[in-house]
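The structure under discussion appears below in the form of structure tokens.
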Amino acid sequence: MLAHVFSPSAIWSQWNFDPWETFPALIALGLYGVGLYSSGIRAVSRARAASFVSGVFLALGVNVSPIHSAAEGMFSVHMIQHQVLMLIAAPLIVAGRPALVMALALPHRWRRWTWSVGRTRPVAAVVRVLKNPLAILLVFAGVLWMWHLPGPYEAAVRNNGVHALEHIGFLGISLGFWAAVMRAGPRRRIGYLPAILLVIGTLMLTGWLAAVLTFGGLVYPLYAQRAMLLGINAAHDAQLAGTLMWVPTTLIYFGAFAGLFTRWFRELDARYAPTPTAVQR
């Protein structure tokens, strides 16, 4: 029995190379590789390049590996997918500066055309709004809460295309969030204080949803049916899913909060530190 379960054919059958999730990852890796080659691997450091590749492979892995098959029957495993995408893969991808490197993969004429389109008034206005911390928070909250409503959530479990769209949404809002937080600074579009408030607001919104899942008794009917077939207590599985959302999110966002405060006070200390001349006087 065990030999059959752990046979190569049985293990391979649990992998799901869905084109909705595989092709975007391969395209992103291809563009990033071409961008690095075009720049002579000078666009970013090796550590940043490794961070991007690790993030993409991690995002792809939780969607095509046996974790995906297990997530169809267990809400808690589905939550692990979301947490890996939003808390680990997304910041790794952002750290690799994908927009810069991928732009180098495009022909010069295409880059000029993209730059000119980006400078048009309507597009520039949309980009400016999406870079606003309040807009990021509202979009993050809308996407996160919408996909955890019973209707959209069960549609994502039943249909691979909807499931891929759900994960693209989670990864997209997380890339926007981490880009704002990790690139915050006095000379950036988002300063340290707005970035700190963004982290606090996002943590609160995520915490409220985790509390609903953990203590509210919310059980998705489809998961309840599948849990019964697997001999799993659906209510306990939902509580575990809420805890998995709550604890890692709190720890990682608190780390981001502490990191922003540390960088902010270091810059303030360097800016207002007395100069050697002032000390001598």
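Rule-based calculations on the coordinates, nothing more; no lab input. Please read these numbers as outputs of a predicted model, since none were measured by experiment. Cβ atoms come from the backbone with ideal geometry, glycine included; neighbour counts cover every protein chain shown.
Pull out the extension gain between W113 and A211, defined as 0.36 nm times the separation in residues minus the alpha carbon to alpha carbon distance; nm, one decimal.
Contour length minus Cα-Cα distance gives 30.6 nm.
Please list, in order along the stretch 137-146, the HN-Hα scalar couplings obtained from phi with the Karplus expression 6.51 cos²θ - 1.76 cosθ + 1.60 (θ = phi - 60°), rounded to whole Hz, x for Gly and Pro.
Residue by residue, the stretch 137-146 yields 5, 5, 5, 4, 4, x, 5, 4, 6, 4 Hz.
Wrap a convex hull around the Cα atoms of the stretch 62-102, take a quarter of its surface area, and give that in square nanometres.
Projected area, direction-averaged: 3.2 nm².
Given a Förster radius of 35 Å and the C-beta distance between D269 and R46 as r, what FRET efficiency does 1/(1 + (r/R0)^6) yield to the nearest 0.05?
Efficiency at R0 = 35 Å is approximately 0.70.
Can you run the Rg to Rh ratio on the stretch 129-281? Use alpha carbon positions and the Kirkwood inverse-distance Rh.
Reported Rg/Rh (Cα atoms, Kirkwood Rh): 1.15.
What 222 nm value per residue comes from the helices of the chain, counting each DSSP H run with n ≥ 4 as -39,500 (n - 2.57) and dividing by all residues, nearest 500 deg cm²/dmol?
Calculated mean residue ellipticity at 222 nm is -25500 deg cm²/dmol.
For the stretch 133-195, report the translational diffusion coefficient in µm²/s to the nearest whole number, using Stokes-Einstein at 4 °C, 1.567 mPa s, and a Kirkwood Rh over Cα pairs.
Result for D is 101 µm²/s.
Along the charge dipole of the chain, pointing to its positive end and built from +1/-1 on Cβ of Lys, Arg, Asp and Glu, which listed residue (H236, G201, A180) has its Cα farthest out?
Checked the options; the winner is A180.
Restricting to Cα pairs below 8 Å that are 6+ residues apart, what does the relative contact order work out to for the stretch 131-254? Please round to a whole percent.
Relative contact order of the stretch 131-254: 25 percent.
Find out how many positive minus negative residues lie around G96, taking Lys and Arg as positive, Asp and Glu as negative, among other residues whose Cβ is under 12 Å from that of G96.
+3
With a point put 7 Å past each Cα toward its Cβ, work out how far F23 is from M204 in nm, to one decimal.
Here the modelled spin labels are 4.2 nm apart.
State to the nearest 20 debye the size of the charge dipole of the stretch 126-188 about its Cα centre, where the only charges are +1 on K and R beta carbons and -1 on D and E beta carbons.
480
If you count, for each residue, the other Cβ atoms within 10 Å and average over each peptide, how do 132-145, 251-264 line up from highest to lowest?
Output ranking for 132-145, 251-264: 132-145, 251-264.
Of all alpha-carbon pairs in the chain, indicate the percentage at a distance above 36 angstrom.
25
Per-residue HN-Hα couplings for the stretch 58-68, Karplus 6.51 cos²θ - 1.76 cosθ + 1.60 at θ = phi - 60°, whole Hz, x for Gly and Pro?
So the J values, rounded to whole Hz, are 5, 4, 5, x, 6, 9, 10, 7, x, 4, 4.
Kindly list the residues of the stretch 62-81 that lie in the label zone of V247, defined by a backbone N under 18 Å from the point 7 Å along the Cα-to-C-beta vector.
Flagged as within label range: 75-81.
Only Lys, Arg, Asp and Glu count, each charged at its Cβ (+1, +1, -1, -1), so figure out the dipole size of the chain about its Cα centre, rounded to 20 debye.
Once rounded to the nearest 20, the dipole reads 1820 debye.
In the neighborhood of L134, defined by Cβ-to-Cβ distances under 14 Å, what is the net charge if each Lys or Arg adds +1 and each Asp or Glu adds -1?
Neighbour charge sum, excluding L134 itself: +3.
Given the peptides 214-220, 226-232, arrange them by the average over their residues of other C-beta atoms within 10 Å, most packed first.
Result, highest mean first: 214-220, 226-232.
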